[in-house]
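The values are calculated or read from the model by the stated rules, or taken from the named source; none is laboratory data. No experiment lies behind these values; they were computed from the predicted model shown. With ideal geometry, Cβ positions are generated from the backbone for all residues, glycine too; neighbour counts draw on all protein chains shown. Note: accessible area is taken over every heavy atom of the protein model, side chains too, but ligands, DNA and RNA are not part of it. Shrake-Rupley method; radii C 1.70, N 1.55, O 1.52, S 1.80 Å.
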Amino acid sequence: MNDTTSTTLDQRNKASTKSLFIWTLGWLVSLALLAFGPKFIWDFNVTISLSVIAVNVFLGYRMIITNKKHLDGLDELQRQMHLNAMAISLGVSVVFGAIYGLLEPARLLESTPSPSNILFVMGISYFVSLVLNFRKYQ
């Protein structure tokens, strides 16, 4: 691979990462708005809540499509590192989610488990796996 190809790949990855960041940030903001808006902003107005849900679904769809395009633009090694991180994240999330969902029925947790905690574990495990993969192949 020559310098021009490498530079073009780097530029494409930088633009792809920026686009993915923007769509992900939009989705996260709309999710936070959906979580806190009904109680603190619009007093549980159903029409506004449904509108925010529609926006969240649209932004989530765009985030997914942008993520797919981002992965398609990576080189083979980068794609493999992301695939490995996704596999670990999926496994950790399934194991954690299954146990977490059973804590309340087993009376080891007093409140109902929150799905957002599973998303947090998924994100952290993906990030940690990706960092470890990048270090492994440097």
Hey, does region 108-123 have a residue that's open to solvent by 90 Å² or more (accessible area, probe 1.4 Å) and modelled with pLDDT of 95 or more? no
Which of the residues belonging to region 56-90 are touching a residue at least 40 places away in the same chain (Cβ under 8 Å) and open to solvent by 90 Å² or more (accessible area, probe 1.4 Å)? Lys69
Search region 39-50 for residues that are part of a helix (DSSP H, G or I) and pair each with any residue that is surrounded by 10 or more Cβ atoms within 10 Å (Cβ to Cβ) when their beta-carbon atoms are under 8 Å apart and the residues are at least 6 apart or on different chains. Ile48/Gly37; Ile48/Pro38; Ile48/Trp42; Ser49/Leu34; Ser49/Gly37; Ser49/Pro38; Ser49/Trp42
When residues of region 61-100 are filtered for being of a type in the set (Lys, Arg) and part of a loop (DSSP other than H, G, I, E, B), how many remain? 0
